[in-house]
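Computed from the coordinates by the stated procedures, all read-outs in this text should not be read as laboratory data. Predicted model, so just to flag it, every value in this text is computed and none were measured.
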Amino acid sequence: MSSLVKETETYKKLLPSLLAEQGKFAVIHEEKLIGIYESYEDALKLGYQECGISPFLVKRILAEESISYFSRDFDHSCHV
């Protein structure tokens, strides 16, 4: 399984119960919620304290995810 797939699936499963904390940051390692924090920095710090160099997910708790689309204009030639 690729990196953070398990954590992302865990977040999706937990999301309904996490919505009371919307806007905060969840820290998830494998199939376990490690904690919820007000700031990204605090969540990241806890993630490293608890998980070391093992993969962990820091995710803002949101009812709806915004999706951004980016594209490139491949017809442009490089002007070097």
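Work out how much length Leu33 to Ser54 would gain on full extension: take 0.36 nm times their residue separation and subtract the Cα-Cα distance, in nm to one decimal.
On the way: separation 21, 0.36 × 21 = 7.56 nm, distance 1.46 nm.
Residue separation times 0.36 nm, minus the Cα-Cα distance, leaves 6.1 nm.
Kindly provide the helix-only [θ] at 222 nm of the chain, computed as the sum of -39,500 (n - 2.57) over DSSP H runs of four or more divided by all residues, to the nearest 500 deg cm²/dmol? Don't jump to the answer; show the numbers that get you there.
Values: 2 runs with 26 residues, N = 80.
Computed ellipticity for the chain at 222 nm equals -10500 deg cm²/dmol.
Considering lysine pairs in the chain that are 8 or more places apart or on different chains, how many have Cα atoms under 15 Å apart?
Lysine pairs, 8 or more places apart or on different chains, close enough: 10.
Using the alpha-carbon atoms, what tilt in degrees (0 to 90, nearest 10) does helix 5-18 show relative to the longest principal axis of the chain?
Here the helix axis deviates by roughly 60 degrees.
Rg and Dmax of the chain, Cα atoms, in Å?
Cα-based Rg and Dmax for the chain come out at 16.6, 53 Å.
Any chance you could run the full-extension gain for Ala20 through Ser66? It's 0.36 nm times the residue separation minus the Cα-Cα distance, nm to one decimal.
On the way: separation 46, 0.36 × 46 = 16.56 nm, distance 1.89 nm.
Once the chain is fully extended between Ala20 and Ser66, it gains 14.7 nm.
Report, in degrees rounded to the nearest 10, the 0 to 90 angle that the Cα long axis of helix 40-51 makes with the longest principal axis of the chain.
So the inclination is approximately 60 degrees.
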